[in-house]
Amino acid sequence: MASLRNLAAFLTMFAALSLAAPAAAQFSDRYNFFKAVKDGDVLKVKSLIDQPGSTLIDMRESESGEMALHIVTRRRDVPWMNFLIANGASVNVRDKDGNTPLHVAAQLGFIDGIQTLVRRKADVNAANSRGENPLIVAVQQRNAMVVRELLNAGANPDLADHVAGMSAREYAERDRRATAIVRMFKDNDAKAKADETKTDETKPVTVLPLPNPGN
């Protein structure tokens with residue numbers, strides 16, 4: 001009877017170790033992956049993400065709560081941004097606070113990074129856990145250049161956050177030092193209206209045939 005209990009205990013321990021081994025390997029791979037990203041070791045990163053079934057490219061780092069694309073965006077590294085995206089990194093991946101890499105680039109005033117992410121179809125209106133989109137972040141930084149980039153990419157200045165229930169436009173209007181950004185929003189509105197009018201004017205007009213006098 002004792003031998004049966006010992007056998008059962010051994011089998012239970014063996015099963016637990018079998019399940020733990022892949023998890024430990026994955027943990028080790030994650031540590032090595034983020035270390036390689038931070039060290040700029042392209043070959044190491046490539047070897048890790050090319051492993052069958054690897055999900056490291058969009059995995060969140062335990063320490064910072066960020067993904068690899070956040071990390072390289074934060075260090076203003078366009079070549080690495082392009083490398084990660086080309087190897088499957090999502091441009092709209094979110095950190096522990098719901099921020100996308102575009103939020104990070106907007107906060108830093110990283111124009112090249114913003115342009116890189118926009119070209120790769122990043123969501124310019126993505127909201128973080130506070131409801132803040134990159135445009136709100138740019139307005140809070142009073143960075144007119146970033147505001148212009150985001151507006152040109154189609155950012156909506158009238159989306160409200162969850163914190164104060166205010167939009168990028170409203171934040172700018174309440175900030176006496178953001179008059180240039182307020183004018184930028186007005187210019188963007190005028191441009192959008194002009195483009196809409198131009199589109200309406202170029203729509204084909206359906207011409208109905210004249211009635212036949214003989215009928």
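Each label point was placed 7 Å from the Cα along the Cα-to-Cβ direction; for Lys38 and Lys186 their separation is 4.8 nm.
Counting other C-beta atoms within 10 Å, which of Phe34, Phe83 has the fewest, and how do the rest follow? Don't skip to the end; give the middle numbers.
Working: Phe34 23, Phe83 17.
Lowest to highest Cβ neighbour count: Phe83, Phe34.
How long are the three semi-axes of the equivalent ellipsoid for segment 24-123, computed from the Cα gyration tensor as the root of 5 times each eigenvalue, in whole Å, largest first? Working shown, then result.
Working: eigenvalues 94, 38, 28 Å².
That gives 22, 14, 12 Å for the three semi-axes.
Its Cα gyration tensor gives segment 73-159 an equivalent ellipsoid; the semi-axes, largest first and in whole Å, are 19, 14, 11. Can you tell me the relative contact order of segment 24-123? Whole percent, Cα pairs under 8 Å, sequence separation 6 or more. Dividing the mean separation by the residue count of segment 24-123 yields 20 percent.
Calculation over all alpha carbon pairs of segment 125-191 in 10 angstrom steps from 0 returns a P(r) of 24, 60, 16, 0 percent.
Between Asn92 and Asp50, what FRET efficiency comes out of the Förster formula 1/(1 + (r/R0)^6) with R0 = 22 Å and r the beta carbon distance, rounded to 0.05? Mind showing how you got there, number by number?
Working: r = 23 Å, r/R0 = 1.04.
In this case the efficiency is close to 0.45.
Fully extending the segment from Ser64 to Ala194, taken as 0.36 nm per residue of separation minus the present Cα-Cα distance, adds 42.3 nm. Ordered by the count of other Cβ atoms within 10 Å of each Cβ, fewest first, Glu149, Glu61, Glu173 give Glu173, Glu61, Glu149. Taking other residues whose beta carbon is less than 14 angstrom from the beta carbon of Ala68, and scoring Lys, Arg as +1 and Asp, Glu as -1, yields 0. Sorting the segments 130-138, 159-167 by their residues' average number of neighbouring beta-carbon atoms within 10 angstrom, most packed first, yields 130-138, 159-167.
Counting every other Cβ atom within 10 Å of each residue's Cβ, Tyr31, Tyr171 order from fewest to most as Tyr31, Tyr171.
Every read-out reported here was derived from the displayed coordinates using simple, explicitly stated rules and does not represent laboratory data. Keep in mind that what you see is a predicted model, and the values were worked out from it rather than measured. Every residue, glycine among them, receives a Cβ derived from its backbone with ideal geometry; neighbour counts consider all protein chains shown.
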